1. Can you find, within the stretch 192-223, the residue that is farthest from the chain's Cα centre (by Cα) among those that are part of a loop (DSSP other than H, G, I, E, B) and of a type in the set (Ser, Thr, Tyr)?
2. Would the stretch 293-312 turn up any residue that is modelled with pLDDT of 95 or more, under 17 Å from residue 233 (Cα atoms), surrounded by fewer than 13 Cβ atoms within 10 Å (Cβ to Cβ) and of a type outside the set (Ser, Thr, Tyr)?
3. State which residue is nearest to residue 331 (Cα to Cα) when the search covers only the stretch 114-134 and only residues that are buried (at least 24 other Cβ atoms within 10 Å of the Cβ) and within 12 Å of the ligand (Cβ to nearest atom).
4. Restricting the search to the stretch 45-86, which residues are surrounded by fewer than 19 Cβ atoms within 10 Å (Cβ to Cβ) and either among the hydroxyl-bearing types (Ser, Thr, Tyr) or not in a helix (DSSP H, G or I) (or both)?
5. What about residue 280, is it assigned to a helix (DSSP H, G or I) and β-branched (Val, Ile, Thr)?
6. Restricting the search to the stretch 366-381, which residues are within 16 Å of residue 348 (Cα to Cα) and of a type in the set (Lys, Arg)?
7. Suppose we filter the stretch 74-113 for residues that are touching a Ser or Thr at 6+ places or on another chain (Cβ under 8 Å) and within 16 Å of the ligand (Cβ to nearest atom); how many remain?
8. Of 367, 377, which residue is part of a helix (DSSP H, G or I), over 30 Å from residue 260 (Cβ atoms) and not β-branched (Val, Ile, Thr)?
Amino acid sequence: MHRQKKQADRKMDYKNDIGYRKETLKKLLYNIQKSEDLIVKALYDDFKKPEFEAVLTETNYVISELKDTIKNIHKWAKPKRVFPSLLNFPSTDYIYKEPYGKVLVIAPWNYPFQLALCPLIAAVAAGNRVILKPSELTPNTSSIIAKIIQKTFHVKHVDVVQGGVEAANSLLAKRWDYIFFTGSAAVGKIVAKAAAENLTPVTLELGGKNPCIIDETADLKLAAKRIVWGKFINAGQTCIAPDYILIQKNMKINFITFMMEEIIKAYGKKMEKSPDFARIINTKNWLRLANMLKSEKVIFGGETDANKLYIAPTLIEEPGLESQVMKEEIFGPILPILTYETETEIKNVVSRYEKPLAFYIFSENKSFTKKLIATYSFGGGCINDTVVHFSNKRLPFGGVGHSGIGAYHGQLSFDIFTHQKGVVKKGNWIDLPMRYAPYKDKLASLKRLLDWI
Ligand code: NAD
């Protein structure tokens with residue numbers, strides 16, 4: 001009530017007034033910057049996300065996205081003139097940017113601040129009304145998100161609905177003009193079905209089993225360092241973390257030695273004491289991961305503590321392809337290491353799974369990397385690194401097939417929440433007679449014209 005009263009006199013025209021959108025985004029930036037310490041603390045309280053990771057991948061990421069959006073909003077939102085078709089001569093042609101209307105954003109728990117706020121910022125910038133449902137598994141972060149949103153926006157412009165599956169389902173039962181969902185493929189299907197009822201367009205940012213392929217030309221020590229970072233950041237609970245290693249057989253022993261060294265360098269010998277290693281989000285996921293370890297050959301790590309929701313950074317050697325760890329997306333700090341000798345063996349493993357969200361290759365062999373990129377379909381990825389493709393706003397981020405529909409980041413985020421309306425403005429000073437019936441004797445001239453343009 002208080003919030004509505006306070007903002008009652010303010011002219012709210014987010015649909016047409018780009019200045020209004022920009023002002024609200026500036027206010028959001030101010031409120032996030034003011035609350036940064038509280039956000040970082042909330043992330044720690046939810047699953048001991050280390051402060052460094054919270055700043056790098058959550059608060060700073062969102063702040064940078066906001067600044068970029070504020071800087072570019074007028075450029076992105078203004079009608080864009082395009083070259084007209086000569087068939088329409090004389091005309092000027094424009095793409096008008098129209099907000100979809102009412103947008104629903106459903107967010108997951110693993111990067112609970114960033115993955116809730118980034119789509120929200122883009123949807124607001126594009127002129128939409130937004131309802132955000134953050135994850136119920138990160139109550140501290142979701143609660144601070146709700147406070148920031150309530151402080152920033154008029155309730156009729158942007159609002160937060162907190163809750164779990166029930167809340168998500170009652171939101172999905174309503175009619176929306178756009179739905180942006182980040183989460184598992186299983187829930188993605190539920191969202192897609194609900195959206196289909198009203199032919200609502202969707203972006204689905206899902207997950208998958210991301211391969212990391214290492215050939216005999218790779219710089220193994222550097223590869224190990226970059227894989228350890230990308231796999232164990234957020235305790236492996238990252239949609240684009242390498243899910244499994246597929247390494248040229250002769251390289252395996254050296255690689256494992258480097259991996260062990262790098263893990264110890266990053267988290268120390270008493271890894272459970274490291275302030276830089278997060279915890280598993282809840283008991284359900286902890287049990288799922290702990291069970292994966294039971295029948296595997298653990299060659300490093302493997303320690304678990306149910307009370308602390310701890311699972312050590314763990315390496316598993318040559319699991320069976322039918323084992324649990326190779327059946328589903330791991331989404332935790334467990335890294336299976338498999339080997340190959342021929343390219344057919346790579347194919348036999350990679351092709352067992354749906355198209356992954358990310359794909360990593362460590363190699364100095366250009367034709368090998370080129371071939372892998374051409375052969376396999378995947379959302380995005382890196383050569384000689386992991387995860388970092390996420391950080392370039394100029395690269396589209398999203399999956400393909402079961403790893404997702406649509407992509408965002410940078411201007412693309414603004415564009416996905418925008419209907420692009422193509423309009424031809426015809427000049428009246430001349431009206432060429434060619435297209436009008438009767439067509440008698442005009443066909444030959446038409447063919448000449450079509451050949452010419
Ligand atoms: P999830 O699918 O369980 O939950 C995501 C959201 O959906 C939550 O807000 C949750 O409340 C809601 N939800 C859960 N069950 C639902 C149901 N039955 N009906 C309607 N809504 C429901 O996913 P999660 O566990 O929060 O996140 C992990 C998954 O998300 C992994 O598969 C991961 O790869 C994927 N992910 C993808 C990206 C990406 O950018 N592509 C980013 C992060 C996570």
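The values are calculated or read from the model by the stated rules, or taken from the named source; none is laboratory data. Keep in mind the model is a prediction, meaning the values are calculated, not measured. Positions of Cβ are generated from backbone atoms using ideal geometry, with glycine treated the same way; all protein chains shown enter the neighbour counts.
1. 217
2. No, there is no match, as no residue in the stretch 293-312 is modelled with pLDDT of 95 or more, under 17 Å from residue 233 (Cα atoms), surrounded by fewer than 13 Cβ atoms within 10 Å (Cβ to Cβ) and of a type outside the set (Ser, Thr, Tyr).
3. 115
4. Selection gives 48, 64, 78, 79, 80, 81, 82, 83, 84, 85.
5. No, not satisfied.
6. Result: 371, single match.
7. Within the stretch 74-113, residues that are touching a Ser or Thr at 6+ places or on another chain (Cβ under 8 Å) and within 16 Å of the ligand (Cβ to nearest atom) number 8.
8. Residue meeting the stated conditions: 367.
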